[in-house]
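Undergrad: One structure coming up, written as structure tokens, with questions to follow.
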Amino acid sequence: MAIGYSHFLVQTERKTQVVNLTEKIREACAGLGPKNGILLIGVRHTTCAVCVNEDEAGLRHDFERLGEALLDPFRGQDGYRHDRIDDNAQAHLTSILLGQSVTLPLRDRLPVLGTWQSILLLEMDGPRPRTLDLTAFGE
Ligand code: ZN
């Protein structure tokens with residue numbers, strides 16, 4: 001059993017943005033150590049998320065409306081309390097719902113993905129520098 005670690009930085013450019021991390025993660029997996037096993041991809045932040053989904057222009061556009069669509073019924077008449085601090089409660093709450101890590105099979109030093117699957121960073125409070133962590137367990 002071996003464990004490998006890596007991390008890298010992504011600078012997002014807009015308030016809401018989908019960033020395709022797939023190629024960067026494929027490249028990083030080559031140097032992680034384990035060849036086969038499990039790959040954990042995590043983000044160190046509270047107002048973005050990572051997911052596996054299709055990187056398609058229409059979906060990227062639809063994502064920009066997701067937080068509002070999911071959370072508007074919960075905003076309440078007084079708005080979100082956290083907005084009094086730094087006006088990004090919707091980004092925090094969407095991050096909670098979408099999740100800050102994904103786990104994938106690792107085969108031959110590559111994450112196993114289906115034809116239409118990409119590993120995506122979902123920025124909801126950009127532009128910001130975002131740190132991604134990779135941890136591989138296996139042999
Ligand atoms: Zn905040």
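Undergrad: Among the helices (runs of 4 or more DSSP H) contained in segment 29-127, which hold 2 or more residues that are in contact with a strand residue (DSSP E or B) (Cβ under 6 Å, 6 or more places away or on another chain)?
TA: 57-63, 89-98
Undergrad: Moving on. Among the candidates VAL50, VAL112, which residue alone is surrounded by fewer than 17 Cβ atoms within 10 Å (Cβ to Cβ), under 19 Å from PHE137 (Cβ atoms), among the β-branched types (Val, Ile, Thr) and more than 16 Å from the ligand (Cβ to nearest atom)?
TA: Going through VAL50, VAL112 in turn, just one is surrounded by fewer than 17 Cβ atoms within 10 Å (Cβ to Cβ), under 19 Å from PHE137 (Cβ atoms), among the β-branched types (Val, Ile, Thr) and more than 16 Å from the ligand (Cβ to nearest atom): VAL112.
Undergrad: Another question, then. Residue check, LEU32 against (1) of a type in the set (A, V, I, L, M, F, W, C); (2) closer than 30 Å to PHE137 by Cβ; (3) under 16 Å from the mean Cα position of the chain (by Cα), all met but one. Which one?
TA: The one condition LEU32 does not meet is (3).
Undergrad: Also, I was wondering about something else. Given LEU40, LEU32, LEU21, which one is closer than 19 Å to PRO111 by Cβ, touching a Lys or Arg at 6+ places or on another chain (Cβ under 9 Å) and in contact (Cβ under 8 Å) with a residue 60 or more places away in the chain?
TA: Residue meeting the stated conditions: LEU32.
Undergrad: Pull up segment 62-100, narrow it to residues that are surrounded by 14 or more Cβ atoms within 10 Å (Cβ to Cβ) and of a type in the set (Phe, Trp, Tyr), then point me to the one that is nearest to the ligand (Cβ to nearest atom).
TA: Per the criteria, the residue is TYR80.
Undergrad: Out of curiosity, is LEU59 surrounded by fewer than 16 Cβ atoms within 10 Å (Cβ to Cβ), without any contact (Cβ under 8 Å) to a residue 60 or more places away in the chain and either touching a Ser or Thr at 6+ places or on another chain (Cβ under 8 Å) or within 30 Å of GLY138 (Cα to Cα) (or both)?
TA: no
Undergrad: While we're looking at this one, here's another question. For the condition closer than 21 Å to PHE8 by Cα and touching a His at 6+ places or on another chain (Cβ under 6 Å), what is the one hit in THR103, THR47, THR135?
TA: Checking each option against the conditions leaves just THR47.
Undergrad: Scan segment 62-86 and report the pairs whose first residue is on the phi > 0 side of the Ramachandran plot and whose second residue is within 16 Å of the ligand (Cβ to nearest atom), with Cβ atoms within less than 9 Å and a gap of 6+ or a chain change.
TA: Short answer, once both residue conditions are applied: GLY79/ALA89.
Undergrad: Another one. Consider SER95 against the criteria (1) closer than 19 Å to LYS24 by Cβ; (2) touching a Cys at 6+ places or on another chain (Cβ under 7 Å): it satisfies all of them except one. Which criterion is unmet?
TA: Looking at each condition in turn, SER95 falls short on (1).
Undergrad: Run ILE96 past the list (1) free of Cβ contacts under 8 Å to residues at least 24 places away in the same chain; (2) in contact with a Lys or Arg (Cβ under 6 Å, 6 or more places away or on another chain); (3) of a type in the set (Val, Ile, Thr) and report the number of the one that doesn't hold.
TA: So the condition that ILE96 fails would be (2).
Undergrad: While we're looking at this one, here's another question. Identify the residue in segment 115-139 that is of a type in the set (Gly, Ala, Ser) and more than 16 Å from the ligand (Cβ to nearest atom) and, among all such residues, is farthest from LEU70 (Cα to Cα).
TA: GLY138
None of the figures in this text is laboratory data; all of them are computed from the coordinates on show. In this text, all values refer to a predicted model and were calculated from it rather than measured experimentally. Glycine also receives a Cβ, built like all others from the backbone with ideal geometry; neighbour counts cover every protein chain displayed.
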